[in-house]
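Here the structure is laid out as structure tokens; the discussion comes afterwards.
The values are calculated or read from the model by the stated rules, or taken from the named source; none is laboratory data. All figures in this text were calculated on a predicted structure; none of them were measured in a lab. Neighbour counts run over all protein chains shown; Cβ positions are idealised from the backbone, glycine included.
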Amino acid sequence: MWTAVVSIFPEMFHALTGDGVVARAIAGGNMSLRVINPRDFAADRRRSVDDHSYGGGPGMVMTAPALTDAVREARKSAPGPVTTVYMSPQGRRFDQAAAAELAGLDNLLFVAGRYEGVDERFVEREVDMELSLGDFVLTGGELAVMVVLDAVARLLPGTLGNPASTECESFADNLLDYPHYSRPPEYRGAEVPSVLLSGDHAAIARWRRGQALARTWRRRPDLLVNRVLSAEDRDLLRQHLLQAAE
Ligand code: 4GN
């Protein structure tokens, strides 16, 4: 997958490209990331990309010309049609389904805004998709872009060693994850649930499914409303909730 970011803080993206799974995806050629600084497209000697807000008020606005030149330059180096994404609290809520949707596209260009916002005419003319991580405000779009890139990168075929790990995990089925345990079998008096040591793979799968359902029911009931559970899932959930009530 081809990706690029327009940002006035290109160095921030070393956090993503330096180490970890995404760094390896890039080094191995599964994904490319180009970072473009809109300051390189500023018209003045001071390389300004911001100006005062029409209508007054505090703070500066990222201006349309430098951002437009930057995204157009970035698109030239893409091997095909580019989807341009702007991260802001006004966007559509980003979730696992959105990550999967983006992972299905070939060329993604992100815009990381700064200051009080970017000129709306830039958003209208150059942006295909405005996405939000949630109802909170960051000082810049860079961290939000990196969150989305990370979530997308791990869904690309070839990024994670074992594709089953994205299928079984939390949100693959829109449920919270089941609890995980590793050695030692007893840690400071706390034991690993015995079913996980039983070697009975069907029983383990049922237990995990029941845990995922019960956790979702308790912690994120919003994920279960308007959802019809299979008879088996309903049984597993009932059993787990009854067991917990004992
Ligand atoms: C995205 C960007 C929050 C989000 C952002 C979010 C930078 N804050 N909830 N801040 O996904 C002014 C210019 C605000 C861009 C934007």
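Points to keep in mind about this one:
- The set of residues in the range 218-236 that are in contact (Cβ under 8 Å) with a residue 24 or more places away in the chain and within 21 Å of Tyr181 (Cα to Cα) comprises Arg219, Leu236.
- Only one entry in Val35, Val61 is touching a Ser or Thr at 6+ places or on another chain (Cβ under 9 Å), more than 22 Å from Gly158 (Cβ to Cβ) and either at pLDDT below 95 or within 16 Å of the ligand (Cβ to nearest atom) (or both), namely Val61.
- Qualifying positions in the range 4-33 - among the small types (Gly, Ala, Ser) and part of a loop (DSSP other than H, G, I, E, B): Ser7, Gly18, Gly20, Gly28, Gly29
- Near pairs, Cβ below 7 angstrom, 6+ apart or cross-chain, from the range 95-116 (farther than 19 Å from Met12 by Cα and in a loop (DSSP other than H, G, I, E, B)) to any residue that is more than 16 Å from the ligand (Cβ to nearest atom) and among the hydroxyl-bearing types (Ser, Thr, Tyr): Leu105/Thr83
Residues are listed down the side, and each one gets a yes or a no for (1) within 16 Å of the ligand (Cβ to nearest atom); (2) among the hydrophobic types (A, V, I, L, M, F, W, C):
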residue	(1), (2)
Leu143	yes, yes
Ala151	yes, yes
Leu156	no, yes
Leu160	no, yes
Tyr181	no, no
Glu186	no, no
Arg220	no, no
Leu236	no, yes
Leu242	no, yes
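One line per residue, one yes/no per condition, for (1) modelled with pLDDT under 95; (2) of a type in the set (A, V, I, L, M, F, W, C); (3) farther than 25 Å from Leu67 by Cα:
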{"site": "Tyr115", "(1), (2), (3)": "no, no, no"}
{"site": "Val127", "(1), (2), (3)": "no, yes, no"}
{"site": "Ser132", "(1), (2), (3)": "no, no, no"}
{"site": "Thr139", "(1), (2), (3)": "no, no, no"}
{"site": "Ala164", "(1), (2), (3)": "yes, yes, yes"}
{"site": "Phe171", "(1), (2), (3)": "yes, yes, yes"}
{"site": "His201", "(1), (2), (3)": "no, no, yes"}
{"site": "Ile204", "(1), (2), (3)": "no, yes, yes"}
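- Counting residues in the range 56-67 that are in contact with an Asp or Glu (Cβ under 6 Å, 6 or more places away or on another chain) and assigned to a helix (DSSP H, G or I) gives one or more.
- Checking the stated criteria, Ala70 turns out not to satisfy the condition of being modelled with pLDDT of 95 or more, over 27 Å from Val137 (Cβ atoms) and of a type in the set (A, V, I, L, M).
- Assessment of the range 166-174 against the conditions (more than 30 Å from Leu109 (Cα to Cα) and part of a loop (DSSP other than H, G, I, E, B)) yields no matching residue.
- The single residue among Arg47, Arg121 that is modelled with pLDDT of 95 or more, part of a helix (DSSP H, G or I) and exposed (fewer than 15 other Cβ atoms within 10 Å of the Cβ) turns out to be Arg121.
- Subset of the range 97-109 [touching a strand residue (DSSP E or B) at 6+ places or on another chain (Cβ under 7 Å) and either within 11 Å of the ligand (Cβ to nearest atom) or small (Gly, Ala, Ser) (or both)]: Ala98
- Hey, Tyr86 in a loop (DSSP other than H, G, I, E, B), within 15 Å of the ligand (Cβ to nearest atom) and not aliphatic (A, V, I, L, M) or not: no
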